[in-house]
1. Residues of the range 8-48 being buried (at least 20 other Cβ atoms within 10 Å of the Cβ) and more than 16 Å from ligand 2 (Cβ to nearest atom), which ones?
2. State all residues of the range 124-160 that are in contact with a strand residue (DSSP E or B) (Cβ under 6 Å, 6 or more places away or on another chain), closer than 19 Å to D61 by Cα and among the acidic types (D, E); if no residue qualifies, say none.
3. Restricting attention to the range 239-279, which residues are without any contact (Cβ under 8 Å) to a residue 12 or more places away in the chain and within 14 Å of K295 (Cβ to Cβ)?
4. Between residues in the range 1-30 that are more than 18 Å from G49 (Cβ to Cβ) and residues that are part of a loop (DSSP other than H, G, I, E, B) and within 16 Å of ligand 2 (Cβ to nearest atom), which pairs lie under 6 Å by C-beta distance while being six or more apart or on different chains?
5. Going by what's in this entry, would K112 be described as assigned to a helix (DSSP H, G or I), more than 16 Å from ligand 2 (Cβ to nearest atom) and under 12 Å from N96 (Cβ atoms)?
6. Among the numbered criteria (1) at pLDDT 85 or above; (2) under 30 Å from K206 (Cα atoms); (3) of a type in the set (S, T, N, Q), which one does T299 miss?
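The values are calculated or read from the model by the stated rules, or taken from the named source; none is laboratory data. Nothing here was measured: the structure is a model prediction, and the numbers come from that model. Because the Cβ atoms are built from the backbone with ideal geometry, glycine has one as well, and the counts that use them run over all protein chains shown.
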Amino acid sequence: MIEVKNITKKYGKAVAVDNISFNIEDGEIVGLLGPNGAGKSTTMNIITGFIEQTEGDVIIDGYNTLKKPKKAKKEIGYMPEGVPLYTDLTVKEFVNYMAEIKQVNKKERKEKVEKIIEKTGLKDVEKKLIKNLSRGYKQRVSMAGALVGEPKILILDEPTVGLDPKQITEIRSMIKELGKEHTIILSSHILSEVSQICNKVIIINKGKIVAIDTPENLENRVTKNNCIYVTVEDKENKVDEIKDKIEEIEKIELVEENEDGTKQYLIEAEKDKDIRKTIFAEFAKENITIFEMKKADTTLEDAFMKLIEGGNK
Ligand code: ADP
Ligand code: MG
């Protein structure tokens with residue numbers, strides 16, 4: 001279990017991470033989701049003990065990362081952001097070197113290195129220099145490095161950044177597979193990625209947590225409001241008055257003005273209210289002609305944006 005307790009990280013006066021707390025249970029795959037500069041890498045670096053927090057504690061299986069760094073770090077495999085270092089080594093040399101650093105028992109080292117190379121699909125390229133590999137394979141090498149020492153927890157910083165679609169699919173399924181044996185924290189700024197892989201999402205923005213929930217719940221939290229797109233011809237500009245006439249409407253927003261003079265509005269009603277019939281009736285009364293009406297499907301992407309916007313208020 002990982003306990004992050006009131007972590008703050010300041011760089012001079014700038015606050016990169018602002019008093020965040022969360023727990024991660026064994027076996028969870030958790031996504032740290034947020035835009036660039038949100039504080040994802042900083043948070044991960046603090047959990048791994050790579051950088052020191054200004055305030056707060058991280059407890060890994062009962063070990064405080066500041067007081068018992070060796071014991072805490074032993075449980076963690078870390079894949080940093082970007083391409084791997086040591087690009088003048090071959091794949092096998094690199095994994096071997098990591099095994100030395102992590103003090104894997106000498107007698108077992110060879111066998112363990114083999115196993116990791118197999119697991120990460122690197123067997124065919126094990127004798128190649130890392131610098132000559134494709135971006136996708138380089139990412140696998142980083143992953144292999146993180147797996148050395150059989151850590152219980154894997155921390156993967158933006159594992160699919162810079163990869164092509166095929167490589168992304170491969171890395172994602174590898175992460176899912178690894179999730180059967182490891183607790184995983186991964187960061188991403190792509191919502192669909194996190195919702196595909198993770199069973200818990202921590203959304204952070206500007207160093208603060210804006211939401212912690214399952215992908216499904218996050219979606220539900222913001223899709224309860226019924227949203228409808230209506231395209232209308234409204235020569236007398238009466239749409240604005242409609243809001244006061246229909247009690248269930250919470251918001252009317254102009255989306256776009258079309259060349260033919262029609263306008264598209266997004267109408268948001270109270271939770272669980274389908275107001276399409278009411279809109280038809282009321283708009284007719286006001287002489288507003290409806291050209292098109294459709295329900296707006298709120299996606300997880302919208303959920304993410306709403307939460308982030310809400311967090312900024
Ligand atoms: P993310 O990984 O979510 O993109 P980071 O954790 O890398 O975000 O950065 C969070 C904030 O902290 C950013 O505003 C960044 O500029 C700042 N920051 C990160 N590292 C340093 C550093 N070494 N010195 C000063 N500011 C930093
Ligand atoms: Mg980052």
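1. Across the range 8-48, the qualifying residues are I24, I29.
2. Within the range 124-160, no residue meets the criteria.
3. Across the range 239-279, the qualifying residue is only K277.
4. If the second residue must be part of a loop (DSSP other than H, G, I, E, B) and within 16 Å of ligand 2 (Cβ to nearest atom), the pairs left are V15/G207; D18/G207.
5. On the way: assigned to a helix (DSSP H, G or I): yes; more than 16 Å from ligand 2 (Cβ to nearest atom): yes; under 12 Å from N96 (Cβ atoms): yes.
Here the answer is yes, as K112 does meet what is asked.
6. (1)
Okay, residues lined up against (1) in contact with an Asp or Glu (Cβ under 6 Å, 6 or more places away or on another chain); (2) modelled with pLDDT of 95 or more; (3) within 27 Å of G27 (Cα to Cα):
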| position | (1), (2), (3) |
| --- | --- |
| N105 | no, no, yes |
| L129 | no, yes, no |
| Q139 | no, no, yes |
| L156 | no, yes, yes |
| I171 | no, no, yes |
